[in-house]
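Undergrad: Before we start, here is the structure in question, set down as structure tokens.
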Amino acid sequence: MRLYALCDQDMLDEKGISLDEFIAIAKSQKAEILQYRNKNAPLEVIKKNLIAIRKVFDGFLIVNDAYELIEFCDGVHLGQEDLFAIDKEITQAVKIVRSVIGEDKILGISTHSEAEVLIANNLDINYIGLGAYRNTQTKKDIAGVLGENIEKIAAKSKHLVGAIGGVKLSDNFQNITYHVIGSGLVE
């Protein structure tokens, strides 16, 4: 299993866990990637936290949504709704983001169905997050749970796949590269 740690600031605040504590847990579990997600803070706060994470985390650092801050991390991850906010045409949205972050940075997007995976196959991205695998407490607006279908859908991706949504360290997947785990690391 390869671990992609999702560091959601709202979850940290809710559970009373500091950023340093979460990073220590992620490092103890040998996380290769850490995504910092903060949906409610101004860019300056997100920037400050990315700089702090970079000082203590040697793996790949991904920022959620705030591609304007790409110089402080290794890549960006965007959800479907975030892409559509950039442009109503997903291919154009990805081109816009790629033009800002450059070819040498990682670009990942969330997918939730076979149709979205097939569209992603034609995009200039590095990986997809696929799910939700199970219901999760950190995302209240899950469109659908893929359950065991996640493996079949993941096999259709030409990109690396991270299982998202309710994933546990004990899950065992064949067609999935990364377990994307947030709150499961601190429960």
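The values are calculated or read from the model by the stated rules, or taken from the named source; none is laboratory data. Quantities reported herein were computed from a predicted structural model and do not represent experimental measurements. Heads up, the Cβs are rebuilt from the backbone with ideal geometry, glycines too, and the neighbour counts pull from every protein chain shown.
Undergrad: Met11: of a type in the set (A, V, I, L, M, F, W, C), out of contact with any Leu (no Cβ under 9 Å at 6 or more places or on another chain) and within 27 Å of Ser170 (Cα to Cα), yes or no?
TA: It is true that Met11 is of a type in the set (A, V, I, L, M, F, W, C), out of contact with any Leu (no Cβ under 9 Å at 6 or more places or on another chain) and within 27 Å of Ser170 (Cα to Cα).
Undergrad: Right, another one. Which residue out of Ile96, Ile106 is touching a residue at least 40 places away in the same chain (Cβ under 8 Å), more than 26 Å from Asn149 (Cα to Cα) and β-branched (Val, Ile, Thr)?
TA: Going through Ile96, Ile106 in turn, just one is touching a residue at least 40 places away in the same chain (Cβ under 8 Å), more than 26 Å from Asn149 (Cα to Cα) and β-branched (Val, Ile, Thr): Ile106.
Undergrad: Which pairs turn up if I take residues in region 11-22 that are touching a residue at least 60 places away in the same chain (Cβ under 8 Å) and farther than 10 Å from Asn38 by Cβ and look for partners that are small (Gly, Ala, Ser) and in a helix (DSSP H, G or I) with beta carbon separation below 7 Å, at least 6 apart in sequence or on another chain?
TA: Met11/Ser183
Undergrad: Separate question: Report yes if some residue within region 137-158 is free of Cβ contacts under 8 Å to residues at least 60 places away in the same chain, aliphatic (A, V, I, L, M) and under 14 Å from Gly75 (Cα atoms); otherwise report no.
TA: No, region 137-158 contains no residue that is free of Cβ contacts under 8 Å to residues at least 60 places away in the same chain, aliphatic (A, V, I, L, M) and under 14 Å from Gly75 (Cα atoms).
Undergrad: Kindly indicate whether Ser99 is polar (S, T, N, Q), crowded, with 22+ Cβ neighbours inside 10 Å, at pLDDT 95 or above and outside any loop (DSSP other than H, G, I, E, B).
TA: No, not satisfied.
Undergrad: Out of the residues in region 23-48 that are β-branched (Val, Ile, Thr), without any contact (Cβ under 8 Å) to a residue 60 or more places away in the chain and farther than 18 Å from Gly79 by Cβ, state the one that is surrounded by the fewest Cβ atoms within 10 Å (Cβ to Cβ).
TA: My answer is Val45.
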